Amino acid sequence: MKAEKRYKIVYCTPALYMAGGVERVLTIKANYFADVLNYDISIILTDGKDTPLYYPLSKRIKVVNLDINFEELWSCSFLKKVIVYLKKQRKFKKKLTAELITIRPDITISLLRREINFISKIHDGSKKVGELHVNRANYRNFESGDSNIIKNLFSKFWMNNLVSHLQKLDRFVVLTEEDKQNWSEIQNIEVIPNPSAFKIDQKSDLTSKRVIAVGRYVYQKGFDLLLKAWSIVEKRNTDWNLVVFGQGSRDSYEKMIDDLKIDKKRCHLLGPTNDIKKEYLDSSIFVFSSRFEGFGMVLVEAMSCGLPCVSFDCPCGPKDIISDGVDGLLVPNGDVEQLADKLSELISHPDEISRLSESALLKADTYSMDTISLKWRSMFDSLFDK
């Protein structure tokens, strides 16, 4: 029987002090690889020097902060930003090259930030892998109404440049089969979904008359669409509540509640919570209103707690995760009336909530770290197959 190889892996990402989805997923994977598979894991950062990490990392993981401080660019004028960026990028390339030559990893994984422009040119002996955590159509284009001819030309040039770098990688990993189809120029592409942050050890009893949504208060998450749908649902189901948890400003959404005359006693827009699993367990339905996603990790989290999900069929993620009518319900992307109809229909049929819940738990199990790790191990092994 072939012995399992214990790989030495380096991850490259800007920072780990934020409570973001990429940061959480990287932490889950790195901890598992280090503590369960006994891999030698290092994470190289460029920003957040001396700032505490948001998610706890295994003591077996080495963290190296190159202290490039790209975040300084946020406060620069356009001209100064170009000059400072070029200077910092040269410094980054030099320091990352030195670090990789010192570590001599088997595999270097880029989360497709600034190092993607040169990582394939670093001759440290490692295989180079790229991980994308958003879908292609919305990569570096997250808000609406800010496009113009110059930006579109630059975006096209930037994407062509990115593709040329991705083609030089040993492997390029995306999160969904749907998004894989968007990268027809790339041959070395593989699909590995994100793992669930939760173990399936508790299940909602589905008695709470509460619908839950989770995400940042930004255009992408579509909470404006959700509130329009809820203004319909609440009139049909007068004893059900909606609660939303997330970071960001809620002012414009609170104004929408007033404008739509939504009952504030049954619609609550809250900040982030340190125990989101408890909130899932205290709910009976999860609603997902995003306009677009890279994956939709919260869908898997909710399903891990036994919640049936009602989701827009947005690009990319929901159709990979949810089997419509089996373990959740899909709604045409952006269709507010159908979202309201599907929620109301599910609320009116407790037996259907229970049926979808059981199937959701089965689906969520396929996203456990134990299962997802097999995909990563297979991919790692394939990099060294003769």
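The values are calculated or read from the model by the stated rules, or taken from the named source; none is laboratory data. As the structure is a computational prediction, the values presented were derived from the model and not from experiment. Here the Cβ is made from the backbone with ideal geometry for all residues, glycine too, and neighbour counts use every protein chain on show.
Tabulated results
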read-out	value
Number of the exception - LYS49 against (1) out of contact with any strand residue (DSSP E or B) (no Cβ under 9 Å at 6 or more places or on another chain); (2) assigned to a loop (DSSP other than H, G, I, E, B); (3) modelled with pLDDT under 95	(1)
Failed condition for SER184, given (1) under 26 Å from LYS88 (Cα atoms); (2) of a type outside the set (A, V, I, L, M); (3) over 18 Å from the mean Cα position of the chain (by Cα)	(1)
Residue check for ILE101: assigned to a strand (DSSP E or B) and either modelled with pLDDT of 95 or more or charged (D, E, K, R) (or both)	no
Of residues in region 52-70 being loosely packed, with under 13 Cβ neighbours inside 10 Å and either in contact (Cβ under 8 Å) with a residue 12 or more places away in the chain or part of a helix (DSSP H, G or I) (or both), the one farthest from the chain's Cα centre (by Cα)	PRO52
Extreme residue, nearest to TYR139 (Cα to Cα), among residues of region 198-230 that are part of a helix (DSSP H, G or I), in contact (Cβ under 8 Å) with a residue 40 or more places away in the chain and touching a helix residue (DSSP H, G or I) at 6+ places or on another chain (Cβ under 9 Å)	GLN220
Members of region 310-348 found to be free of Cβ contacts under 8 Å to residues at least 60 places away in the same chain and basic (Lys, Arg), listed by number	LYS342
Residue within region 361-371 that is within 30 Å of VAL129 (Cβ to Cβ), assigned to a helix (DSSP H, G or I) and among the small types (Gly, Ala, Ser) present	yes
So LYS375, is it at pLDDT below 95 and either exposed (fewer than 13 other Cβ atoms within 10 Å of the Cβ) or of a type in the set (D, E, K, R) (or both)	no
Qualifying residue in region 220-227 (condition: outside the structural domain of LYS127 (by TED's automatic domain parsing) and closer than 30 Å to MET379 by Cβ)	yes
Checking SER42 against (1) free of Cβ contacts under 8 Å to residues at least 60 places away in the same chain; (2) touching a strand residue (DSSP E or B) at 6+ places or on another chain (Cβ under 8 Å); (3) not in a helix (DSSP H, G or I), the condition it does not meet	(1)
Selection status of TYR85, more than 21 Å from SER373 (Cα to Cα) and within 18 Å of the chain's Cα centre (by Cα)	no
Pick from region 172-188, criterion of a type in the set (A, V, I, L, M, F, W, C) and surrounded by 19 or more Cβ atoms within 10 Å (Cβ to Cβ), ranking: farthest from THR108 (Cα to Cα)	LEU175
Number of positions in region 232-261 that are at pLDDT below 95 and not in a loop (DSSP other than H, G, I, E, B)	0
Inter-residue pairs, beta-carbon under 7 Å, first surrounded by fewer than 16 Cβ atoms within 10 Å (Cβ to Cβ) and in region 360-372, second in a helix (DSSP H, G or I), 6+ apart	none
Which listed residue is farther than 19 Å from ILE276 by Cβ and either at pLDDT below 95 or in contact with a Ser or Thr (Cβ under 7 Å, 6 or more places away or on another chain) (or both), from ASP335, ASP327, ASP341	ASP327
Residue that is farthest from ILE68 (Cα to Cα) [pool: residues in region 104-129 that are part of a helix (DSSP H, G or I) and polar (S, T, N, Q)]	SER120
Neighbours by Cβ (under 7 Å, 6+ apart or cross-chain): first from region 117-130, over 19 Å from MET159 (Cα atoms); second surrounded by fewer than 19 Cβ atoms within 10 Å (Cβ to Cβ) and among the basic types (Lys, Arg)	ASP124/ARG104; GLY125/ARG104
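Okay, residues lined up against (1) modelled with pLDDT under 75; (2) among the β-branched types (Val, Ile, Thr); (3) in a loop (DSSP other than H, G, I, E, B):
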| residue | (1), (2), (3) |
| --- | --- |
| PHE142 | yes, no, yes |
| ASN161 | no, no, no |
| GLU178 | no, no, no |
| ASN182 | no, no, yes |
| GLU190 | no, no, no |
| PRO193 | no, no, yes |
| SER196 | no, no, yes |
